[in-house]
Every structure is written in C-alpha cells, then in structure tokens.
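The values are calculated or read from the model by the stated rules, or taken from the named source; none is laboratory data. Fair warning: this is a prediction, and the values are worked out from it, not measured in the lab. Using ideal geometry, Cβ is built from the backbone for each residue, glycine included, and neighbour counts are taken over all protein chains shown.
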Amino acid sequence: MAATRGHEGVVKLPLEREDINPNTADSEYGRTPLLCAAENGHEEVVKLLLEREDINLNNTTDTEYGQTPLSWAAENGHEGVVKLLLEREDIDPNSGDTEYDRTPLLWAAKGGHEAVVKLLLKRDDVNPGIPDRNGVTTSN
C-alpha cells in the first residue's frame, strides 16, 4: 500500500530489514511493491526498491494482466521510472505481458508516450519488431 501511494519513508522502514522479501505480491492481484510504485510513477520509491539486490525486476505475478514493472511504467508514460529501470542490466526490456503479449515498447507506443519510446529504443537489446498476440508491432 505504501509503495502504491508513494510513501517513501514508510517503504524504507521495512526494506532496512533483511528478513523482508521485497518481491512479495499482494494476494488480490499479485502485484509487488516495485510494480505498484512503477505503475504510479513514484520514482523515489522505485529507487529505494532498486537498492535491494534481491529485487526481481522482471516479475510477472500481476494476475490481472501479467505486466512487468517496466511495462506498467511505459504504459503510463512515467519517463523517470522507465529510465531508472532501464539503467539495470538485469531487466528484460522485451518481456511481453501474459494477456496481450505486449512489450513495454508496444505499451508506450500505444499510449503515445514519445519520450518513453525514445528511452526504450536507445537500448540495443530492445526489439521494435516483436508483435503482440494480434500481430501488432510498434509501427502498426
């Protein structure tokens, strides 16, 4: 809840404990703190979570759509969060969601988020030709 609402100080307290799993998903929608913070554009909370070595950047436990934190940030046009996530080498920028098989690039393009599309395309490992389940690519 604190990550969803961007309460940095409240998020920080449990993260200081080693016995806290930062990848624990909620039981209703399977959303992790990183996914919630990324979806809502809370950059400072994302930074705190990224400090943990055990954070899972490519988590798709989101039972509603199966999107990663990067996909949610890209879909919602949160440029700062996308930039933070893309700075990590262990992120999969081509991970498609489980409902539509849309990549973060497809989500950003669909939403018209030009700055996010540019950030994603700066990475050599982003493939702009990956289609979703309906055969749609970024250029369609």
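Which of the residues belonging to the stretch 43-55 are buried (at least 18 other Cβ atoms within 10 Å of the Cβ) and part of a loop (DSSP other than H, G, I, E, B)?
The one that is buried (at least 18 other Cβ atoms within 10 Å of the Cβ) and part of a loop (DSSP other than H, G, I, E, B): Ile55.
Which number in (1) at pLDDT 95 or above; (2) surrounded by 23 or more Cβ atoms within 10 Å (Cβ to Cβ) marks the one condition that Asp97 misses?
In the conditions (1) at pLDDT 95 or above; (2) surrounded by 23 or more Cβ atoms within 10 Å (Cβ to Cβ), Asp97 misses (1) alone.
So, of the residues in the stretch 43-87 that are out of contact with any helix residue (DSSP H, G or I) (no Cβ under 7 Å at 6 or more places or on another chain) and of a type in the set (D, E, K, R), which turns out to be farthest from Pro33 (Cα to Cα)?
Glu87
For the stretch 69-94, how many residues meet the condition of being outside any helix (DSSP H, G or I) and surrounded by 21 or more Cβ atoms within 10 Å (Cβ to Cβ)?
First pass over the stretch 69-94, keeping only residues outside any helix (DSSP H, G or I): 76-78, 87-94.
Applying the additional criterion that residues be surrounded by 21 or more Cβ atoms within 10 Å (Cβ to Cβ) yields 78, 93.
Number of matching residues: 2.
Checking the structure you have, find out if any residue of the stretch 13-34 is under 25 Å from Glu114 (Cα atoms) and at pLDDT 95 or above. Full working, then the answer.
Filtering the stretch 13-34 for residues under 25 Å from Glu114 (Cα atoms) gives 34.
With the extra rule that they be at pLDDT 95 or above, the set shrinks to 34.
The answer is yes; a qualifying residue exists.
Among the residues of the stretch 57-68, is there at least one that is charged (D, E, K, R) and either in a loop (DSSP other than H, G, I, E, B) or on the phi > 0 side of the Ramachandran plot (or both)? Please lay out each step first, then the result.
As a first pass, look at the stretch 57-68 and keep what is charged (D, E, K, R): 62, 64.
Remaining after also requiring either in a loop (DSSP other than H, G, I, E, B) or on the phi > 0 side of the Ramachandran plot (or both): 62, 64.
Checked against the condition, which is being charged (D, E, K, R) and either in a loop (DSSP other than H, G, I, E, B) or on the phi > 0 side of the Ramachandran plot (or both), the stretch 57-68 yields at least one hit.
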